[in-house]
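*Asks:* Input: one structure, supplied below.
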Amino acid sequence: MTISDLKTQSVGIIGFGHEGQAFAQYLTAHNVRPVIYDHTPLANWTASQTQLLTQLGLTAITGEEYLKQALQTAYVIVRSPGVKFSKEQKTTIEKRGIILSSQTKWFFEHCPAKIIGITGTKGKGTTASLLAEMLQQSYRSGAIYLTGNIGKTAPVTFLDKLTKQDLVVFELSSFQLQDLEQSPNMAICLMVTSDHLDYHADETEYHAAKQAIAKYQTQDDILIYNADYPATKQIASLGLAQKFAISKSALKQLGAQIKSDSEQILVRLPNSELEISTQARQLLGSHNLENIAAASLAAALLGVNRSDIQISIQSFTGLPHRLQVVGEFEGVTVINDSISTNPDTAIAAINAIQQPLILLLGGGNKGLNYQNLIETLMNDSHLKAVILIGETGQLLQSLLKKAGFSGHVIPPSSEFSVAVEQAVKLAVAGDTILLSPAATSFDMFANYAERGDKFIELIKSAYGKK
């Protein structure tokens, strides 16, 4: 389906968040006038949403029946990430012959440039950003674009100016992958464990949603995968691409071996080998070696030389809200890891800290299994105190009690500011305060970034008063 085809169809955009707004602007720029369907009543929209709707001259249908009305009137539906259809709604879609799309699906179908797609339960934003920096160092054939779930630039905003010489680094969540019928030219599948079980029926469905990263690849494509994770290996068994593994164990195949003890990564290519040092890196945590290895291997396969890869590793400071060092206050190091919305990311953050640790945990509950996190807390010798927050905090309190945890636990607070205040009161010089919630932010904030920004604001305010 082309943009010209849409001009004669009834097009509906489901959801008017970041992606919905970007696609609405894209369509109206091409003289297609979609109808917006959103669960949130128009009266509760933000000023920027209302302003954009007026500026584009579009109609919005909102409220509880928004999906029902969309399925009754639209012929083409562009779904925003996280919108899920029931079995009954899927039946309606099939009976009416509705064409389903999304911003990601549309982009993949119409992109002339090569796409480097990156997914995983954690690490995809860091890997995508680091790889983009490596490519910027020495890729001269065309422009480099970084987009997708990372949220900086919506892909449709630059779709029209792409050429075959450009490269698009695309971070992909399970929500964006689940309805794709096309895989990227180069796919990177990092560690896949468990997440988003408030949306996906179970872990199996979550893993299945990730499969499009590799499923449709051809013999001309490349797949990089982390061989240390069973779910990732299963996904990597799909498709026909040439496959390169990443592992902490010795590799007999092409790929990248992580030598944690020496902080070295051995990249083995078809016709050469590269020894890359990560000793001077600024990214915290041994888990980030997996992300560095994936980015380095991809960059090397795309022709980036060892020197430029090394420079990028040394200069890359990471992303906001991902083990972000806020600063040192009266001898207390403060780290913002608000991006942590599942137990695996929190475990990685905890393991990255070697100082006495005051940990803020909890938030919205999305039905995840926290047993591995509980075991980490039980065995961490650096843990000074655990400060719990929200609904997940209540669950963690119960699990810690059941496990016989003898450490200092501050019961869940429904006020984020109270939890931060408690952390500051407990901390002394030499301690580290870490926000790594292992839970969603939606119980108190619009997203993890807002939570992280509030954390930084509260920390600076608290220490500014002393």
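The values are calculated or read from the model by the stated rules, or taken from the named source; none is laboratory data. No experiment lies behind these values; they were computed from the predicted model shown. Virtual Cβ from ideal backbone geometry, glycine too; neighbours counted across all protein chains shown. Side chains are part of the model used for accessible areas, which takes the heavy atoms of the whole protein and leaves out ligands, DNA and RNA. Shrake-Rupley method; radii C 1.70, N 1.55, O 1.52, S 1.80 Å.
*Asks:* Is there any pair with a first residue in segment 301-315 that is closer than 22 Å to SER286 by Cβ and a second that is hydroxyl-bearing (Ser, Thr, Tyr) whose Cβ atoms are under 6 Å apart and which are 6 or more apart or on different chains, and what are they?
*Replies:* Pairs found: ILE309/SER296; ILE313/THR278.
*Asks:* Further, regarding this structure: Would you check which residues across segment 138-172 are within 23 Å of GLN324 (Cβ to Cβ) and surrounded by fewer than 21 Cβ atoms within 10 Å (Cβ to Cβ) and list them?
*Replies:* ASN149, ILE150, GLY151, LYS152, THR153
*Asks:* Still on this structure: Could you list all residues from segment 343-381 that are assigned to a strand (DSSP E or B) and more than 18 Å from PHE416 (Cβ to Cβ)?
*Replies:* LEU357
Here's the yes/no breakdown for (1) more than 19 Å from LEU395 (Cβ to Cβ); (2) touching a His at 6+ places or on another chain (Cβ under 9 Å); (3) buried (at least 19 other Cβ atoms within 10 Å of the Cβ); (4) acidic (Asp, Glu):
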position: ILE433; (1), (2), (3), (4): yes, no, yes, no
position: PHE442; (1), (2), (3), (4): no, no, no, no
position: ALA449; (1), (2), (3), (4): yes, yes, no, no
position: ILE459; (1), (2), (3), (4): yes, no, yes, no
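*Asks:* What is the number of the single condition among (1) closer than 25 Å to ALA245 by Cβ; (2) surrounded by 21 or more Cβ atoms within 10 Å (Cβ to Cβ); (3) within 20 Å of the chain's Cα centre (by Cα) that ASN336 does not meet?
*Replies:* Failed condition: (1).
*Asks:* OK, next. Identify, by number, the condition in (1) more than 21 Å from GLY97 (Cα to Cα); (2) of a type outside the set (Lys, Arg); (3) under 29 Å from the mean Cα position of the chain (by Cα) that THR59 doesn't meet.
*Replies:* Of everything listed in (1) more than 21 Å from GLY97 (Cα to Cα); (2) of a type outside the set (Lys, Arg); (3) under 29 Å from the mean Cα position of the chain (by Cα), THR59 misses just condition (3).
*Asks:* Please enumerate the residues belonging to segment 348-389 that are closer than 18 Å to THR432 by Cβ, at pLDDT 95 or above, of a type in the set (A, V, I, L, M) and open to solvent by 10 Å² or more (accessible area, probe 1.4 Å).
*Replies:* The answer is LEU383, and nothing else.
*Asks:* For segment 296-325, which residues satisfy the criterion of being aliphatic (A, V, I, L, M), open to solvent by less than 30 Å² (accessible area, probe 1.4 Å) and farther than 16 Å from GLU275 by Cβ?
*Replies:* Hits for segment 296-325 are ALA298, LEU319, LEU323.
*Asks:* Give all pairs with beta carbons closer than 6 Å in which a residue from segment 150-175 that is more than 16 Å from PRO112 (Cβ to Cβ) and free of Cβ contacts under 8 Å to residues at least 40 places away in the same chain meets a residue that is of a type outside the set (D, E, K, R) and assigned to a strand (DSSP E or B); count only pairs at least 6 apart in sequence or on separate chains.
*Replies:* THR153/THR147
*Asks:* Within segment 247-300, track down each residue that is outside any helix (DSSP H, G or I), hydroxyl-bearing (Ser, Thr, Tyr) and touching a residue at least 60 places away in the same chain (Cβ under 8 Å).
*Replies:* SER286
*Asks:* Tell me whether segment 408-428 contains one or more residues that are open to solvent by less than 40 Å² (accessible area, probe 1.4 Å) and in contact with an Asp or Glu (Cβ under 7 Å, 6 or more places away or on another chain).
*Replies:* no
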